[in-house]
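Input: a single structure, listed below in C-alpha cells.
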Amino acid sequence: MGVDLQLKLSSMKPNLSVGHSKLCDYVIDNFNHIPSYSGSQLAQSAGVSLSTLHRFIRLLDFENFTAFKFAMKSDINNIETQKHSGVENPSDRVFNKVLRSAKLAHQSLDMKLLSEVAKYISLSERIYLLDFGEERLFLDYLENTLRCANKSVLVIPQISLDINQLDHKDLIISIEQTGDEEAVVSLLTRSYSTNAMLVRFSNTVNTQIQKLSDIDINIAAIADGNGDEYRSERYLGLMMAIDVVSDLVRDAQASVI
C-alpha cells in the first residue's frame, strides 16, 4: 500500500467505529488482494455489511468502491516502481504508459450513467448483446460477467435482432466504434420504437446513433495521442466500465439476499 493511503488509514483508525476499524484492519492486512475483490466479497471477508463498506469508502473521500480499488492498484504499482533504480527500462516505460492511460480512462467514466446501466441490467429479464463484429473481445467479457451474475444473455448479430419480440423487460446493449452507418442506424431506429432499453458503449459522440440510445456510455480517448495510446486508453476504459457495472450488479444482488 502506498504511503499516502497507508498514513490516511492509520491516522483515521483511532476515530473509527467498531465496524470501520475492523474493516480498516482487514484492508491493511490484505491490501495486495483487495483490487481483485468485488464490494460484496470484501464486506463478507472483513465481516461487515455492504453499507459499512460504502460509508468507509466515503470516509476515505472515494466516490465508490471502484475508485478505491484503483487507488490501491496505483499505490501497489508505485511501491514496485520505487524498488527499481531511477533509470526506466523499456518494460517500465511501457507499464507507466499503460498506467497513465488507465488513469485517464478511469477519470473519463461517468459513474452516474454506469449506475443507471447496472440498474437496468438488474431489472431486465432478458439482455441482448448486439454483435457488430468489431468489439467481440469486450462483448465476450461482458457476456461472461453477466452470466456470472445469473442474467439471461443472448449474443446475436445485429441483423438477427427481431424487434417484434422486444418489450419493456428487455435490454439491448451494443459495444461498437461505428459512426452513423446505415445498417446500425436502421437497427437502432427500429429498436428505439419498442419499449426495450437501449444502452451503447462507444467512442463516438454527436452522432445519430448516440441520440437513438437511451444511455450512451462514451469511452473517451486521448485527443492528441498516437494510435497505441488511443487504443490503450479506450480498451482500458471499456474493461473498467464493464467491471464497474458488473460490481454494481453483484452488490445489488447481494444486498437483496
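Where a number appears in this text, it was derived from the coordinates with a stated rule and is not lab data. These numbers come from a predicted model, not from an experiment. All Cβ positions, glycine included, derive from the backbone under ideal geometry; neighbour counts span all protein chains shown.
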Exercise for the section: Output ³J(HN,Hα) for segment 117-123: one whole-Hz value per residue in order, computed from phi by the Karplus curve 6.51 cos²θ - 1.76 cosθ + 1.60 with θ = phi - 60°, and x for Gly and Pro. Expected result: 4, 4, 5, 5, 4, 5, 7
Practice task
Would you mind counting up the charge near L166? Only other residues with Cβ under 14 Å from its Cβ, with Lys and Arg at +1 and Asp and Glu at -1.
Solution key: -2
Completion exercise
In this structure, among K13/K73; K73/K119; K112/K151; K69/K119; K73/K211; K22/K112, pairs with alpha-carbon gaps over 24 Å are K73/K119; K73/K211; K22/K112
Completion exercise
The long-range amide H neighbours of D110, using H built 1.01 Å from N in the peptide plane and a cut-off of under 5 Å, are none
Fill in the blank from the handout: Ordered by fewest other Cβ atoms within 10 Å, a rough proxy for footprinting exposure, H168, H54 read H168, H54
